[in-house]
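Here's the structure, in structure tokens; my notes come after.
The values are calculated or read from the model by the stated rules, or taken from the named source; none is laboratory data. The structure displayed is predicted, hence computed values, not measured ones. All Cβ positions, even for glycine, are placed from backbone atoms using ideal geometry, and neighbour counts span all protein chains on display. Accessible surface areas use protein heavy atoms only, side chains included; no ligands, DNA or RNA. Shrake-Rupley method; radii C 1.70, N 1.55, O 1.52, S 1.80 Å.
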Amino acid sequence: MFCLHISAVLRIKIIMKSFLWRAFKWSLLIGSGIGLLILIIFVWWAMEDFVSGQQFDPRNLNYSVVILDQNGEELHRNFSTENREWSYLSQVPQHITELTLLAEDRRFYDHIGVDAKGIARAMVANVESGRFSQGASTLTQQIARKAFLSDDKTIQRKLREVAISFGIEWSMSKDEILELYLNTAPYGATVAGVGSAAGYYFAKSVDQLTIAESIVLAALPKDPVRLSSRKRVRDWLGRCIAPVRAEECHPFNAAASYQPSRVDALLLQYAAKQNWDDATTLSQWKELADMNLPPHKPFARDEFQHFQFFVRNFLADKDIDLSDHPGGLRIYTTLDANLQRKMYDYMREEMGARLFLEHNAENFAGIVIDHDIRGPVVWIGSKAFWNEQISGQVDMLRARRQMGSAMKPFVFAAAMEQGYEPNTRFLDTRVQFAGERHVLQNADGVYMGWMGMAKALAQSRNVPAAQALYLAGGETAVKKYLDSAFGFDILETYPDHPFGWTLALGTAPVRLHDAANAYATLGSGEMKELCPILRIENQLGEELPNPCNRTAQRKLTPEVRFFMASMLNNPAYRPQWYWQPIAVDGLEIAAKTGTSNKRIGNTLVPADNMLASYTPNTTMLLWTGNTDGKALNAGSFAIQSLGDYFEPLWGILIEDTPTRQASFELPEGVYKYGQYWVKESPDPKRWTIDGMVVLGGHWGGGGGAAAAPAAPAAVTIPIKKAAPAAAAPTASAPAPVATPAAPAPEPVAAPTPPPAPVVKPAIDKNQIRLNIQERYN
């Protein structure tokens, strides 16, 4: 029986073993099938994210739009949600990459996007602590989360993160992934990427960061918002349990019972990796402890605010909207930030107070144009951008103002285009033109009689300038010439407003930067668009099409260019007694002042002062006045208010760029005859205008009272009469009469319309002597 019992038991065990084995095999098979099914489902579910990771393009990240000067200095930064700019791995110092891997992913070069050891370590730590205290995200996973996902702590998000990470690892090399991380990691609430962080916290480029600064940046991505809000890095460091003096609280004082923070631990790990001794490590720790994060570099620099708005509006006019470029742009401009600071500092410190005290001028502006690149290298729109008392946010370089006598060179240029030359004789005396009831006079009440064009322009005589307007074809013809040859938009902006002969005296309001560019045309001989853009790149360094057209749209004849420079540069033509400041020893600079006026009661007083000057390669234009158009002190004309600053400001320009010293080239066929440069005939002609009545005046400087003007030559030019003209002014200051009245300052986007024309009564033509010879026969 016993044997039978044993046999039965054995049979049962065999049966059970066979059953269990079959059950195990089936379970294994079923489990494998389920696992395979789950894997298939996961792969199918995660395939879209895997492909997204494979196809990830850094261009799809949000980047900043950065406006820089010609040397790469940042002037302005604009971004929507993240301040980021691309830094290549070759630009990043090795200590930054090493510190980043120590802080974030030590086995970066060994895993395939997910660190199994790190996950196991984090799970144990979280179980022991009873809370989610550690993560195990690799650099690749952090890129996936930052670029594609949110920070929600869910299983679904984590699985998607893994799938995207596999796709990134599949398509990129480890160095490419490391470079991508350094450009996507958060270093503050809105600061993304190590390049932006270097500029934001330390005002440096990434390649200039020290080891201590790199430790700060490497620690930031763990807790960017909280840490970046602490201005002292000492607050990031560990603490001492034992009571010790502050200077004795550090990791190398055993008596201090120092408890390191994440930043301390990172420093110690890097020190071990570099085999530093304790003294070296302690010196780095003290550098961290003593480090205060400097004030954040502003994204919008006050001294360049007017210029950045000019750049943005210029691009908008070219149908380039910066908000349409979330991928970021780096816009290199023509501005020279260092030169602008020098000039602005001088103008603010040396000019500002004196202009107000001596002339009642609250504001000033200035622009310098490089002829070769035809762009502004200095753009100072007002004395102080944030000064509301002077309306400092109005960019005076883009506001419309009257040029005064600074318009005269362009009117004389129009006459020279018709064949007249610097030795052409004009009759400087009180005159009245047919169809006009106002008498044209010089502001000083003094008349020179017959005088050459060169002296008439250099001495800013009103009467010859008006005569030149008619010699050049009259108001409409000169308007067209000013617009087509020099880039003014007078005819386009004021198509129906009759300025009459006051156009020659600068009464048409123009944008000051257009006036400066017109002088650059005189200096270079080529009319070109004023363009502030050198080049535009995306954040990966790929150059985009340049919106500027630097092709000459029209050229002055070499003779007109040289004649104008010789007339505005020659001291022999100028009134010596008050023009002395407008010169720089050893430098050929053509210069012209202009003052616009406004009428208060029956008195004309100065309103805007301008000083324009140029060499063959550089133009500088200065303006002073009041943004709201209120009057300056009586007698405060451009030569008095701006003349004293001419030489110092040109000295700054020459010191900064010695190549700005150049001479005007003598064209072929032009030669000197007496006091004048001429081309066609050395015999100076005397010109008068049919319809011009000579009323005579107080003669001075032209031979005395007995030296009345001789009868003119027989050649006359008829005046083409227009519609009823606006009331013309009477005698004005050395700069012209302000008719129409100076426009009130406006936002630069809305040009001021001209004043309504005054309908004049009919004139009895019989009262007008049409032949100048009758006056002296």
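When you go through (1) closer than 26 Å to Phe562 by Cβ; (2) surrounded by fewer than 18 Cβ atoms within 10 Å (Cβ to Cβ) one by one for Asp644, which number turns out not to apply?
(1)
Would you check which residues across region 330-384 are closer than 23 Å to Glu655 by Cα and aromatic (Phe, Trp, Tyr) and list them?
Correct list: Tyr344, Tyr346, Phe364, Trp379.
Determine which member of the set Val478, Val560, Val510 is closer than 23 Å to Gln675 by Cβ, open to solvent by less than 10 Å² (accessible area, probe 1.4 Å) and among the β-branched types (Val, Ile, Thr).
Val560
With the requirement that a residue be acidic (Asp, Glu) and under 14 Å from the mean Cα position of the chain (by Cα), what does region 310-354 give you?
We begin by selecting, within region 310-354, every residue acidic (Asp, Glu); these are 317, 319, 321, 324, 336, 345, 349-350.
Within region 310-354, Asp336 is the sole residue that qualifies.
Can you work out which of the residues in region 90-141 that are of a type in the set (Ser, Thr, Tyr) and surrounded by 17 or more Cβ atoms within 10 Å (Cβ to Cβ) is modelled with the lowest pLDDT? I'd like the intermediate steps shown before the answer.
Step one: filter region 90-141 for residues of a type in the set (Ser, Thr, Tyr), giving 90, 97, 100, 109, 129, 133, 137-138, 140.
Okay, now just the ones that are also surrounded by 17 or more Cβ atoms within 10 Å (Cβ to Cβ), so 97, 100, 137-138, 140.
Working: Thr97: 90, Thr100: 89, Ser137: 81, Thr138: 85, Thr140: 84.
The selected residue is Ser137.
Condition first: in contact with a helix residue (DSSP H, G or I) (Cβ under 9 Å, 6 or more places away or on another chain), surrounded by fewer than 21 Cβ atoms within 10 Å (Cβ to Cβ) and at pLDDT 85 or above. Now tell me which residues in region 426-450 satisfy that.
The one that is in contact with a helix residue (DSSP H, G or I) (Cβ under 9 Å, 6 or more places away or on another chain), surrounded by fewer than 21 Cβ atoms within 10 Å (Cβ to Cβ) and at pLDDT 85 or above: Arg430.
Quick one: how many residues across region 599-632 are in a loop (DSSP other than H, G, I, E, B) and either under 30 Å from the mean Cα position of the chain (by Cα) or at pLDDT 90 or above (or both)? Reasoning before the result, please.
So in region 599-632, the residues in a loop (DSSP other than H, G, I, E, B) come out as 601-602, 615-617, 626-632.
From the residues that got through so far, the ones that are either under 30 Å from the mean Cα position of the chain (by Cα) or at pLDDT 90 or above (or both) too are 615-617, 626-632.
Count: 10.
I'd like to know if region 227-240 contains one or more residues that are touching a strand residue (DSSP E or B) at 6+ places or on another chain (Cβ under 9 Å), assigned to a helix (DSSP H, G or I), at pLDDT below 85 and not aliphatic (A, V, I, L, M). Can you show your working first?
Keep residues of region 227-240 that are touching a strand residue (DSSP E or B) at 6+ places or on another chain (Cβ under 9 Å), which gives 228, 231-234, 238-240.
Restricting the remaining residues to those that are assigned to a helix (DSSP H, G or I) gives 228, 233-234.
This time we only want the ones that are at pLDDT below 85, so: 228, 233-234.
Within this subset, residues satisfying the condition of being not aliphatic (A, V, I, L, M) are 228, 234.
So far as region 227-240 goes, yes, one or more of its residues are touching a strand residue (DSSP E or B) at 6+ places or on another chain (Cβ under 9 Å), assigned to a helix (DSSP H, G or I), at pLDDT below 85 and not aliphatic (A, V, I, L, M).
Looking at region 59-74, I want the residues that are within 12 Å of Ala337 (Cα to Cα) and have a partner that is open to solvent by 10 Å² or more (accessible area, probe 1.4 Å) and not small (Gly, Ala, Ser) with Cβ atoms under 7 Å, at least 6 apart or on another chain. Which pairs are those?
Once the first residue is within 12 Å of Ala337 (Cα to Cα) and sits in region 59-74, its partners that are open to solvent by 10 Å² or more (accessible area, probe 1.4 Å) and not small (Gly, Ala, Ser) give Ile67/His76; Leu68/Glu74; Leu68/Arg330; Leu68/Tyr332; Asp69/Asp336; Gln70/Tyr332; Gln70/Asp336; Gln70/Leu534.
Is it the case that region 344-360 has a residue that's closer than 30 Å to Gly541 by Cβ, in contact with an Asp or Glu (Cβ under 9 Å, 6 or more places away or on another chain) and of a type outside the set (A, V, I, L, M, F, W, C)?
No, the conditions are met nowhere in region 344-360.
Would you confirm whether any residue within region 670-687 is farther than 22 Å from Leu471 by Cβ and surrounded by fewer than 20 Cβ atoms within 10 Å (Cβ to Cβ)? I'd like the intermediate steps shown before the answer.
As a first pass, look at region 670-687 and keep what is farther than 22 Å from Leu471 by Cβ: 671-672.
Now restrict to residues that are surrounded by fewer than 20 Cβ atoms within 10 Å (Cβ to Cβ): 671-672.
For region 670-687, residues farther than 22 Å from Leu471 by Cβ and surrounded by fewer than 20 Cβ atoms within 10 Å (Cβ to Cβ): present.
Going through Ile211, Ile215, Ile241 one at a time, which residue ends up being over 33 Å from the mean Cα position of the chain (by Cα) and either surrounded by fewer than 16 Cβ atoms within 10 Å (Cβ to Cβ) or among the small types (Gly, Ala, Ser) (or both)?
Values: Ile211 fails: either surrounded by fewer than 16 Cβ atoms within 10 Å (Cβ to Cβ) or among the small types (Gly, Ala, Ser) (or both); Ile215 fails: either surrounded by fewer than 16 Cβ atoms within 10 Å (Cβ to Cβ) or among the small types (Gly, Ala, Ser) (or both).
Result: Ile241 is the single residue among Ile211, Ile215, Ile241 that is over 33 Å from the mean Cα position of the chain (by Cα) and either surrounded by fewer than 16 Cβ atoms within 10 Å (Cβ to Cβ) or among the small types (Gly, Ala, Ser) (or both).
Going through region 343-361 one residue at a time, which ones are open to solvent by less than 40 Å² (accessible area, probe 1.4 Å) and touching a residue at least 60 places away in the same chain (Cβ under 8 Å)?
Met343, Met347, Met351, Leu355, His359, Ala361
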